[in-house]
């Protein structure tokens, strides 16, 4: 199989590890060399939180990178489809809208927790708590900006990516992004085939469940257009995936 797509997941994995190292150094420095009640505890706490988050993100990208390497080098794909520019653009815009909704949900959970702890610190922890609260609110504003900008970057990336879809037994690659069927934060929950309509091409829909909190799960779908003449193959893929990934009705 000719490999026409590059695995960019490794790059993001290494960048996340680099950020984790920076935040770890900041945390250690703040805890040991900055007076705690003059902002040291606030900086140490937030940098520790960001370091742990960066490590989790690196682990996520590591898993995606391995799955993407496997799919791109596989000689036994379930399907490999290419698309016209018009079909790719329409699909990217649909994914953009879904991505915005997922980011909004994640920000409401994480941002809400940060604002709550910021208010508690500002009200009950005196001057040092006030500084900590301001710092947490600043992080919340930063996360809000990221939640708005990230979908636009993803859309731009999707439009510039190879117009291809790879479907394997352990994951899919679509619009340059990889979606493992099983990872520590996400799993595929079922597949369904949707027939062609006047306004929409036939699509193979992969339903995922993503963890956004300790007990909070956010569902989302990846809709892969099915080229004309490939409908029967899409139905077989639907059957295969549902045999191993029963739909969760919780």
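The values are calculated or read from the model by the stated rules, or taken from the named source; none is laboratory data. On a predicted model such as this, the values are computed, not experimentally measured, just so you know. No Cβ is skipped: glycine too gets one built from the backbone with ideal geometry, and neighbour counts run over all protein chains shown.
Numbers below:
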| item | result |
| --- | --- |
| Test: residue 218 is at pLDDT below 75, part of a strand (DSSP E or B) and crowded, with 16+ Cβ neighbours inside 10 Å | yes |
| Matching residues in the range 152-179 - criterion: being in contact with a strand residue (DSSP E or B) (Cβ under 9 Å, 6 or more places away or on another chain), over 20 Å from residue 77 (Cα atoms) and exposed (fewer than 15 other Cβ atoms within 10 Å of the Cβ) | 157 |
| Criterion: within 30 Å of residue 124 (Cβ to Cβ) and crowded, with 17+ Cβ neighbours inside 10 Å - qualifying residue of 20, 79, 54 | 54 |
| Criterion: at pLDDT 75 or above and within 20 Å of residue 63 (Cβ to Cβ) - qualifying residue of 229, 171, 190 | 171 |
| Selection from the range 120-165 of residues that are over 30 Å from residue 7 (Cβ atoms), at pLDDT 75 or above and either within 19 Å of the chain's Cα centre (by Cα) or not in a helix (DSSP H, G or I) (or both) | 140, 144 |
| Matching residues, the range 180-196, being buried (at least 20 other Cβ atoms within 10 Å of the Cβ), within 14 Å of the chain's Cα centre (by Cα) and in a strand (DSSP E or B) | 180, 186, 188 |
| Test: residue in the range 43-54 that is in contact (Cβ under 8 Å) with a residue 60 or more places away in the chain, on the phi < 0 side of the Ramachandran plot, touching a strand residue (DSSP E or B) at 6+ places or on another chain (Cβ under 8 Å) and part of a helix (DSSP H, G or I) | no |
| Leading residue by the ranking (nearest to the chain's Cα centre (by Cα)) among those in the range 197-206 that are closer than 17 Å to residue 82 by Cα and part of a strand (DSSP E or B) | 205 |
| Residues satisfying the stated conditions in the range 69-100, i.e. in contact with a strand residue (DSSP E or B) (Cβ under 9 Å, 6 or more places away or on another chain), touching a residue at least 12 places away in the same chain (Cβ under 8 Å), under 19 Å from residue 205 (Cα atoms) and not in a loop (DSSP other than H, G, I, E, B) | 71, 79, 80, 81, 82, 87, 88, 91, 94, 95, 98, 99 |
| Given (1) under 21 Å from residue 94 (Cβ atoms); (2) touching a helix residue (DSSP H, G or I) at 6+ places or on another chain (Cβ under 7 Å), index of the condition residue 168 fails | (1) |
